[in-house]
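Novice: I have a structure here, written as structure tokens, and I will follow up with some questions on it.
The values are calculated or read from the model by the stated rules, or taken from the named source; none is laboratory data. Bear in mind that the values here come from a model prediction, so they are computed numbers and not experimental data. Backbone-built Cβ (ideal geometry, glycine too); neighbour counts: all protein chains shown. The accessibility values were calculated without ligands, DNA or RNA, using every heavy atom of the protein model including side chains. Shrake-Rupley method; radii C 1.70, N 1.55, O 1.52, S 1.80 Å.
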Amino acid sequence: MSCDISIVVPVYNEEKSIRLMYDRLLASISNISSNFEIIYVNDGSRDNSFLELVKLSKEDSRVKFINFSRNFGHQIAVTAGLDKSKGDAVVIIDGDLQDPPEVIPQMYAKHKEGFEVVYGQRLKRKGESFFKKITAKYFYRILKSITSVNIPVDTGDFRLIDRKIVNDLKNMPEQNKFLRGQIAWLGYRQTSVFFERDERKFGETGYPFSKMLKFALDGITGFSDVPLQFVTKTGIFISFISFLIILYAIFSHFVLEKTITGWTSLIISSMFIGGVQLISIGIIGEYISRINKNVQNRPLYIIDQTNIED
Ligand code: UDP
Ligand code: MG
């Protein structure tokens, strides 16, 4: 049975936010429709998030939960929520109250005007580390410059998407999800509403540096071949310089009869080449590991428990 709106909320250790978030969501959506569902995807939380979700679902039948068998990561949690959603419009929103639910009616109004994608664009990010802000800022600008897909800057996954987009996403079976890129790739009519991103009130971020790095690499490898071209170009450039140095060395040895001596020149060149080669292999390795994952084609996630009927 379809409904007007599905709200998809990935949850990883958010026990303290869940109730508050639900109240604010309800207050906000009740302005637009009474025919909605809220799908919480519990991504292997180690706290009592799941108990909170089950409690909520007993009080309100519009509350659905999907309980993963372990932590699969934020993008996969959102994907599972989208897979199970039934709404004509679907809102993706974080479960830590950093994305204000009060913006949803504005998004919905834009959807009614005919936009298939309404993404939330951050005016300000409160209470986030300088490091996070600066890396995010430059990451999205670099990504924009090396891809042909127009991924909007300063946006996260907080957005409203049309059912058409959800169906199209299901036909993009990549294992390493980068939803904001995939949605941009799909096209359609896209617009934004502005909002101020709040600070996290409880708990701590589920995106430590290691996950941020993996996510960034998923974005780059999924949408750009520029790093591979960089390897080729660096190779050609270094070969060219090496050729000149070889000529010079031979000329110097046989004609000038002055052999270039010493440990210094050797160690510099071999270390330099060694470094460049390792970086190049690493770049190629990032692409290969993603090919490997896609060839294995394992299920994206394992559901332990859910109250959603197909
Ligand atoms: N999250 C998740 N799985 C994870 C990490 C995070 O489902 O492995 C959820 C988390 O509960 C939150 C959203 O994804 O609702 C965004 O994560 P977080 O707030 O930790 O990221 P940040 O806002 O710090 O970038
Ligand atoms: Mg957050």
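Novice: What is the gain in length, in nm to one decimal, between T234 and V295 on full extension, counting 0.36 nm per residue of separation less the C-alpha to C-alpha distance?
Specialist: Contour length minus Cα-Cα distance gives 19.0 nm.
Novice: Where does the charge balance sit around L213 when Lys and Arg score +1, Asp and Glu -1, over other residues with C-beta under 13 Å from its C-beta?
Specialist: +1
Novice: Hey, another quick one. Residues with beta-carbon under 13 Å from that of I284, excluding I284: net charge, scoring Lys, Arg +1 and Asp, Glu -1?
Specialist: So the environment of I284 carries a net charge of -1.
Novice: Considering only protein heavy atoms, what per residue accessible area in square angstrom results for the chain with a 1.4 angstrom probe?
Specialist: Each residue of the chain exposes 53 Å² on average to a 1.4 Å probe.
Novice: Now a separate question. For the range 207-310, evaluate the Debye formula with one uniform point scatterer on each Cα (no solvent term) and list log10 I(q)/I(0) at q = 0.11, 0.12 Å⁻¹, rounded to two decimals.
Specialist: Normalising to I(0) and taking log10 leaves -0.60, -0.67.
Novice: With a cap of 12 neighbouring Cβ atoms within 10 Å, and only residues DSSP puts in a loop, list the GluC sites (Glu not before Pro) found in the range 187-241.
Specialist: Those that pass, being in a loop and sparsely packed, are E199, E204.
Novice: Oh, and also: Given N residues in the chain, what is Rg(Cα) / (2.2 N^0.38 Å)?
Specialist: 1.27
Novice: So if I restrict to the alpha-carbon atoms in the range 48-155, what is the Rg, and what is Dmax, the biggest pairwise distance, in Å?
Specialist: 16.7, 48
Novice: Still on this structure: So if R0 is 51 Å, what FRET efficiency would K201 and L247 give, r being the distance between their Cβ atoms, rounded to the nearest 0.05?
Specialist: 0.20
Novice: Here's another thing I want to ask about it. At most 12 other Cβ atoms within 10 Å and a DSSP loop assignment: could you name the trypsin sites (Lys or Arg not before Pro) in the range 1-52 that fit?
Specialist: R46
Novice: What trypsin sites (Lys or Arg not before Pro) in the range 235-310 are in a loop by DSSP, with at most 16 other Cβ atoms within 10 Å of the Cβ?
Specialist: Those satisfying the criteria are K258.
Novice: Counting pairs of alpha carbon atoms under 8 Å apart in space and at least six apart in sequence, what relative contact order in percent does the range 178-310 give?
Specialist: 27 percent
Novice: Given the C-alpha centroids of the range 90-157 and the range 5-55, what is the distance between them in whole angstrom?
Specialist: 20 Å
Novice: Give the shape of the range 106-221 as rounded, prolate or oblate, defined through the alpha-carbon gyration tensor: a ≥ b ≥ c are the square roots of its eigenvalues, a/c under 1.5 means rounded, and otherwise the shape is prolate if a/b is larger than b/c and oblate if not.
Specialist: oblate
Novice: Where the accessible area of the chain is counted over protein heavy atoms with a 1.4 Å probe, how much of it, in %, is carbon and sulfur?
Specialist: Carbon and sulfur atoms account for 61 percent of the accessible area of the chain.
Novice: Given the chain, what percent of its DSSP beta bridges are antiparallel, to the nearest 5?
Specialist: 30 percent
Novice: Here's something else I'd like to know. Please list, in order along the range 141-153, the HN-Hα scalar couplings obtained from phi with the Karplus expression 6.51 cos²θ - 1.76 cosθ + 1.60 (θ = phi - 60°), rounded to whole Hz, x for Gly and Pro.
Specialist: Going residue by residue, I get 6, 5, 4, 4, 6, 10, 10, 8, 7, 8, 7, x, 7 Hz, with x marking Gly and Pro.
Novice: OK, next. So what's the net charge close to I32: Lys and Arg +1, Asp and Glu -1, counting the other residues with Cβ under 10 Å from its Cβ?
Specialist: 0
Novice: At 7 Å along the Cα-to-beta-carbon direction for both S2 and S33, put a label point, then send me their distance in nm to one decimal.
Specialist: That separation, rounded to one decimal, is 0.9 nm.
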